[in-house]
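The values are calculated or read from the model by the stated rules, or taken from the named source; none is laboratory data. This is a predicted model, so every value here is computed, not measured. Cβ sites come from the backbone with ideal geometry, for glycine too, and all protein chains shown count toward neighbours. Only protein heavy atoms, including side chains, enter the accessible area calculation; ligands, DNA and RNA are left aside. Shrake-Rupley method; radii C 1.70, N 1.55, O 1.52, S 1.80 Å.
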Amino acid sequence: MGLFSKIKKMFSSNEEEIEEEELNEEEELEEIEEDSEETQEVEDEFEESDEDSEDAQEIEEDSEEIKEEIINDDELEEFEDEIKEEDSEVLEVEEELDNSETELEDSKKEEHSLSKKELKKKKKEEKILKKQQKKEEKRKKQLEEVQIYEKGLTKSREGFVSKLASLTNKYKKITDDYFDELEETLIMADIGVNTVMNFMDRLRDRVKHEKIENTEDLKEIIIDELFIIYVNDDVLVNKINFNDNGPTVVLFVGVNGVGKTTTIAKIASKMKKEGKKVLLVGGDTFRAGAVLQLEDWGKKINVDFYGKEQGADPASVVFDGLVKAKEEDYDLVLIDTAGRLQNKVNLMKELEKINRVIGQQIEGGPHETLLVVDATTGQNGISQAKSFKEITNITGIVLTKLDGTAKGGIVLAIKDEVNIPVKYIGLGEREDDLQVFDIEKYIYGLFKDL
């Protein structure tokens, strides 16, 4: 089974697994109900024992009444035999009562034992229900994320995948013409010329060694090889590297207009919902309105902001912001920066100074430097990544507006050409549409209709 088949099976088999788990849990609940019925039977026995005790008491009271009714010697003889009979009955009842008390004690012991068992079953039932609820929430969240990928990658899927399917229908056998058109299709999907060349060499090699002749058999191999291009035997880390000792500092870089400020706000809101105390720092004092824009976002999502007037020294803003973060015990500091890539020398000096200030204030900082790239810019976005990589140490990429392009292959190209992992992707305008990047969900969302 190919990699894509495994991924597709993983996301499509969730409902069958949930149904099987629910069936097992129903059987366990039926066992609990049977134990409860046993406990009720024991309680009924207790009630019968109590009734026997009441009968013995009534007989003793009757005997006393009989003795009081004896008024003369002539009647005494008549009642003696009756009294003996009554005494004999009392003895029998007393014996029965003793036996009942013994049974009652044994029943109480059994009741105590059953109570422990019932308590254990109840705890087990609660544990099952919690486990079921947790799994249901996890499954629901995963399905929602997959649906976001499916919806956000619609344009890419309809463009790239439809062309790939048409190519397979056009050529039943693998030929040089098929390879040429496949190569053109991949380049048009913004996977990148160098990446496509390497990919085609790997694909031709597999076709030759595995003796593949039909294009239909090649479809899943194409998807698997694209997956391998991204992974490239690396240990992929798509989460923010949090600092265990003090605030975590994340620096955001990128040219103007890529959605940097909005991305910072979305990440801040997500982290706030996860219980993090977040501080926004307006380090882009060059662009008109940038500081005010970030401050407005802070008010909208109820996250604290620190900034100064336009034209202030960015490094001094960052310094004061970090002092505030340490004094007030913030968990996460998100710093906006200017995006004047057209003046690389000045930008490089500015970022070097900011990095130096962060390192002096926070040990190990910045813990992440995320480059925000607009996916709709295609190969220009890859050029930006290469330029920023020369200026500063980029640890991850945020790829925005991926829902607005039919060329979703940029995800693969940017990782292959600059060797920087994609950590977030923007698949829409809503906060939830900014997703932590998952290569398996991406591959599934892109090729599910193939």
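In table form, for the structure just shown:
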quantity	calculated
Complete set of residues in region 282-330 that are in a helix (DSSP H, G or I) and of a type in the set (Phe, Trp, Tyr)	TRP297, PHE319
Search result, residues across region 219-259 that are of a type in the set (Gly, Ala, Ser) and surrounded by 14 or more Cβ atoms within 10 Å (Cβ to Cβ)	GLY246, GLY254, GLY259
Looking only at region 122-145, and only at residues there that are modelled with pLDDT of 75 or more and farther than 30 Å from LYS441 by Cβ, the one that is most open to solvent (accessible area, probe 1.4 Å)	LYS127
Residue match in region 291-306 (condition: free of Cβ contacts under 8 Å to residues at least 40 places away in the same chain and among the hydroxyl-bearing types (Ser, Thr, Tyr))	yes
Pairs where the first residue, in region 153-169, is touching a residue at least 12 places away in the same chain (Cβ under 8 Å) and part of a loop (DSSP other than H, G, I, E, B) and the second is among the small types (Gly, Ala, Ser) and surrounded by 13 or more Cβ atoms within 10 Å (Cβ to Cβ), C-beta under 6 Å, 6+ apart	LEU153/GLY408; LEU153/GLY445
One residue from ASP403, ASP433 being on the phi < 0 side of the Ramachandran plot and crowded, with 21+ Cβ neighbours inside 10 Å	ASP403
Some residue of region 164-178 being surrounded by fewer than 17 Cβ atoms within 10 Å (Cβ to Cβ), basic (Lys, Arg), out of contact with any Phe, Trp or Tyr (no Cβ under 6 Å at 6 or more places or on another chain) and within 13 Å of LEU226 (Cα to Cα)	no
ASN194 vs. criteria part of a helix (DSSP H, G or I), open to solvent by 90 Å² or more (accessible area, probe 1.4 Å) and either of a type outside the set (Asp, Glu) or modelled with pLDDT under 85 (or both)	yes
In region 407-430, residue modelled with the lowest pLDDT [restricted to those that are part of a loop (DSSP other than H, G, I, E, B) and open to solvent by 50 Å² or more (accessible area, probe 1.4 Å)]	LYS407
Filter result for THR262 (closer than 24 Å to LYS389 by Cβ, at pLDDT 90 or above and surrounded by fewer than 21 Cβ atoms within 10 Å (Cβ to Cβ))	yes
Options ILE212, ILE222, ILE228, ILE187; residue that is within 22 Å of LEU450 (Cβ to Cβ) and not in a helix (DSSP H, G or I)	ILE212
Residue match in region 209-218 (condition: within 22 Å of TYR444 (Cβ to Cβ), aliphatic (A, V, I, L, M), in contact (Cβ under 8 Å) with a residue 24 or more places away in the chain and touching a Gly at 6+ places or on another chain (Cβ under 9 Å))	no
Region 272-290: number of residues that are over 15 Å from LEU251 (Cα atoms) and either in contact with a Lys or Arg (Cβ under 7 Å, 6 or more places away or on another chain) or surrounded by fewer than 20 Cβ atoms within 10 Å (Cβ to Cβ) (or both)	10
Residue list for region 374-400, filter: open to solvent by 10 Å² or more (accessible area, probe 1.4 Å) and more than 24 Å from VAL249 (Cβ to Cβ)	ASP374, THR376, THR377, GLN379, ASN380, SER383, LYS386
Pairs, first more than 18 Å from THR395 (Cα to Cα) and among the basic types (Lys, Arg) in region 252-274, second at pLDDT 90 or above and surrounded by fewer than 23 Cβ atoms within 10 Å (Cβ to Cβ), C-beta under 6 Å, six or more apart	LYS272/VAL303
Extreme residue, nearest to VAL422 (Cα to Cα), among residues of region 341-381 that are in contact with an Asp or Glu (Cβ under 7 Å, 6 or more places away or on another chain) and part of a helix (DSSP H, G or I)	GLY381
All positions within region 342-362 that are over 21 Å from ASN256 (Cβ atoms) and open to solvent by less than 60 Å² (accessible area, probe 1.4 Å)	VAL357, ILE358, GLY359, GLN361, ILE362
